Amino acid sequence: MAITLSESEQESLLEFSIQVAKEAGAVILQGSKSIRQELGGSSGIDSKKNSVDLVTEWDVKVEEIVRNAVKEKYPDFGFIGEESYSKGLRPELTDDPTFCVDPIDGTTNFVHGFPFACISIGVIYQRTPLIGVIFNPFLDQLFSALKGHGAFLNLTTRLPLSPPSPLSSLSSALIGVEWGHDRTKELVDKKANSFSRLAGDPAFGVAGGKMAHSMRSVGSAACNYALVASGGLDLYWEIGCWPWDVCAGIVIAQESGGFASGGPHVNHDGDVTEEILHGRKYIVVRAIADTPGESGREAQKRIVKEFYETVEDWDPK
Ligand code: LIP
């Protein structure tokens, strides 16, 4: 029989996830010190798909810590983790609560000491993200949300950090993008063309250029979602991430009033579906103020439409 969660059980699950994220954060900090003290800084660092898809012993260690804590407290819940998934542990998603965890999102940053790396703990329930906890121990920032209860920074500050403003078009947006791990010519060209159209000046030769205010790459999908939820980024887009990179961020962004969706052919309004979660194409737009004649949600959809008319689309490998 499927497991059902009452409101108070959902709240305890959030508290548990926060507790585990804090414990994991302490280990991430310890790992970061240790990895940077080691000779050449490269011992214990491995690569998965290629030389830029990094994994460290600390990713594995942190996932173990989270998995064991979950096993002890919630033995019947599912568990999808980045590291165990890459080793072939790939449970089917059911209606039961399922943890969806990236032990260190932003591993490259973790290795380099660039302070945007975090633990990302999501809980999927009835096939849609229910809980999101992102903890960046380098900046001591804890983002958390339970569906229907708002999103918070460090437990007490509501997100977004300031009241949402309107967003007239991409030309006034600050956009989060990433280079990702796939560096084949075909994909690097598609990304570069997309970035060029987002940034370029149409009056000076960039056909279809939007001349957005600028673009940022912080190197962690979860941190990008948290930045959109805070209001610092207007939107974030990436093709090629996995559910554990985005699951927690989706809830936090949605609960801050943001609009989280998938690729250009996805058409949805409410909950993020399994198709979006597993679709490996992600877009999220910050909360936008209602204006006369256009609701905030309509504005978010307008921005998504403008965005997808500007960038290229491809299927991740
Ligand atoms: C990374 C993401 C990053 C993205 C990479 C990768 P990891 O996660 O958060 O934004 O560009 O493709 O998925 O590997 O550091 O956990």
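The values are calculated or read from the model by the stated rules, or taken from the named source; none is laboratory data. Quick caveat, the model's predicted, so the values are computed rather than measured. Note: ideal-geometry Cβ built from the backbone for every residue, glycine included; neighbour counts use all protein chains shown.
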* **Any chance Ile134 is out of contact with any Gly (no Cβ under 7 Å at 6 or more places or on another chain), within 14 Å of the ligand (Cβ to nearest atom) and not charged (D, E, K, R)** => no
* Asked: Of all residues in the range 271-317, how many are closer than 23 Å to Ser196 by Cβ, free of Cβ contacts under 8 Å to residues at least 60 places away in the same chain and hydroxyl-bearing (Ser, Thr, Tyr)?
  -> 1
* Scan the range 239-258 residue by residue and report those that are farther than 18 Å from Arg158 by Cβ and touching a helix residue (DSSP H, G or I) at 6+ places or on another chain (Cβ under 6 Å). => Cys241, Pro243, Trp244, Asp245, Val246
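Checking the condition away from the ligand (no atom under 15 Å from the Cβ), of a type in the set (S, T, N, Q), assigned by TED's automatic domain parsing to the domain that holds Asn193 and more than 27 Å from Cys118 (Cβ to Cβ), which residue from Thr273, Thr291 passes?
On the way: Thr273 fails: more than 27 Å from Cys118 (Cβ to Cβ).
Answer to the selection: Thr291.
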* To do: Would you mind telling me which numbered condition in (1) farther than 19 Å from Asn224 by Cβ; (2) within 12 Å of the ligand (Cβ to nearest atom); (3) surrounded by fewer than 17 Cβ atoms within 10 Å (Cβ to Cβ) Trp58 fails?
  => (3)
* Structure fact -> Of the candidates Phe116, Phe99, Phe138, the one satisfying the condition of being within 13 Å of the chain's Cα centre (by Cα) and of a type in the set (Phe, Trp, Tyr) is Phe116
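This table checks each residue for (1) more than 16 Å from the ligand (Cβ to nearest atom); (2) not assigned by TED's automatic domain parsing to the domain that holds Ala26.
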site	(1), (2)
Phe143	no, no
Ala151	yes, no
Pro164	yes, yes
Lys191	no, yes
Phe195	no, yes
Asp201	yes, yes
* Asked: Which of the residues belonging to the range 113-135 are crowded, with 24+ Cβ neighbours inside 10 Å and in a loop (DSSP other than H, G, I, E, B)?
  -> Ala117
* Asked: Which members of the range 283-317 meet the condition of being of a type in the set (A, V, I, L, M), over 17 Å from Ile239 (Cα atoms) and buried (at least 18 other Cβ atoms within 10 Å of the Cβ)?
  -> Ala287, Ile288, Ala299, Ile303
* Structure fact -> Scanning the range 207-260 for residues that are among the acidic types (Asp, Glu) and within 15 Å of the ligand (Cβ to nearest atom), the one nearest to Val111 (Cα to Cα) turns out to be Asp245
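Glu11: modelled with pLDDT of 95 or more, closer than 22 Å to Phe135 by Cβ and out of contact with any helix residue (DSSP H, G or I) (no Cβ under 8 Å at 6 or more places or on another chain), yes or no?
Taking the combined requirement at face value, the residue satisfies it.
Per-residue answers, yes or no, for (1) in a loop (DSSP other than H, G, I, E, B); (2) over 21 Å from Ala26 (Cα atoms); (3) of a type in the set (Gly, Ala, Ser):
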| position | (1), (2), (3) |
| --- | --- |
| Lys61 | no, no, no |
| Val66 | no, no, no |
| Pro75 | yes, yes, no |
| Gly88 | yes, yes, yes |
| Leu93 | yes, yes, no |
| Asn109 | no, no, no |
